[in-house]
Amino acid sequence: MTVPDTMRAVLINGKVGPSDALYIGETQTPRLTEKPNNVLVKIKAFGLNRMDLLQREGKYPVPPGASPILGVEFSGHVAETGSDVKNVQVGEPVFGLSTGGAYAEYISVPSPMVLKKPDAIDWVQAASIPEGSFKKNEDLLVHAGASSVGLAAIQLAKAAGANQIFVTAGSSEKIAFCKKIGATDGFNYKQGNWKEQLMKATDGKGVDLIMDFVGAPYFEDNLSSLKLDGRLTMQGFMGGAKVQDLNIAPILMKRLRIEGSTLRSRSLEYQSKLVEDFFHTGGLDSIVNGVDSKEKGTQLVVHDVFDWNDIAKAHDMMQANKMGAGMTYAVVVTIS
């Protein structure tokens, strides 16, 4: 497979800006020089998420050494392999995670970060597979349950043996969809107080773990909704990052643990273990079963597919929150 010196990629006019600053331009193709454990992948599809929107606006710092090009989830064919790569070969279909650079024709990524794509999963589905990890018999609350990561969290928590899985969402349609794929119950935050509804559903006990993408507006209610030794994981702050007049007593009194989690800033060792665990704990098998049966296994939910010439439209739709239940976005890269 011949790799050109330059490639097309989605770039940002002025380095940061609104969606109309995105354009497809020419840039240098990544090389494997001095990266014997990397693979070069010719991308077929890449996933779109809210982190991309923040980076585009200059609100999400790129980790040191990462590509300034947007995108962390992708699928495609292996175009080249470094001298130390053993797990994949040139020409094989793969999908994976990266610290950046997926909005392009080619991406260089450490080989432990890719997996071979099963035939049952198409390119768009492969580019939409996210992360997740939970403990058996726990009660869980997932905010923004109908988001791509939320839907994955519901299914992976269920597969891991979670006891009860609750969600918040902005419509009865989204809640119904979350329940269809494994949530115990859901609370429409537009029609009532989700904390009061959660405490009623749990007989006043709360939950062991809360996954939150909203941030400041939910922070205090999150603390009061956790059980003794409960955990709050922060994956984002769509509603803001500054909390005022906060009562922090529950942190001490209930021995709570608060964690921040951004996959992109994690070490290669952590990310590689995540991919390895996903494979060895049956996550990939569950997805294949879900695609084959449409009932059993993990369901891959792709809300819409865009050609990369419509990348600004895709960003605008995600930013406007116009998605229905199942907000995974996959943008198909068409190469002529």
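The values are calculated or read from the model by the stated rules, or taken from the named source; none is laboratory data. Treat the numbers as computed from the prediction; the structure is a model and nothing was measured. Quick reminder, even Gly has a Cβ in these numbers, built from the backbone with ideal geometry, and neighbours come from all protein chains shown. All accessible areas refer to the heavy atoms of the entire protein, side chains included, with ligands and DNA or RNA removed. Shrake-Rupley method; radii C 1.70, N 1.55, O 1.52, S 1.80 Å.
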Kirkwood estimate for the stretch 1-108, i.e. one over the average of 1/r between Cα atoms, Å: 14.3
Where in the stretch 41-124 are there GluC sites (Glu not before Pro) that are in a DSSP coil and have at most 16 other Cβ atoms within 10 angstrom of their Cβ? GLU57
Let me have the relative contact order for the stretch 4-148, percent, based on Cα pairs under 8 Å that are six or more residues apart. 25
Can you order the peptides 227-238, 41-52, 22-33 by their average number of other Cβ atoms within 10 Å per residue, highest first? 41-52, 227-238, 22-33
Please tell me which of these pairs span more than 25 angstrom C-alpha to C-alpha: LYS42/LYS158; LYS59/LYS313; LYS136/LYS195; LYS136/LYS227? LYS42/LYS158
Pulled fully out, how much extra length does the chain show between THR2 and VAL243, if you take 0.36 nm times their separation in residues and subtract their Cα-Cα distance? 81.5 nm
For the stretch 147-234, rounded, prolate or oblate, judged on the Cα gyration tensor with a ≥ b ≥ c (square roots of eigenvalues), a/c < 1.5 rounded, else prolate if a/b > b/c? rounded
Can you list which of the trypsin sites (Lys or Arg not before Pro) found in the stretch 166-207 are DSSP loop residues with at most 15 other C-beta atoms within 10 Å? LYS190, LYS205
Overall Cα dimensions of the stretch 217-256 - principal axes, largest extent first, Å: 27, 22, 12
Could you do me a favour and compute the accessible area per residue for the stretch 166-261, 1.4 Å probe, result in Å²? 54
If each part is reduced to its alpha-carbon centroid, the stretch 1-53 and the stretch 153-198 end up apart, in Å, by 36
Viscosity 1.567 mPa s, temperature 4 °C: give me the Stokes-Einstein translational D for the stretch 4-63 in µm²/s, with Rh taken as the Kirkwood radius over C-alpha pairs. 96
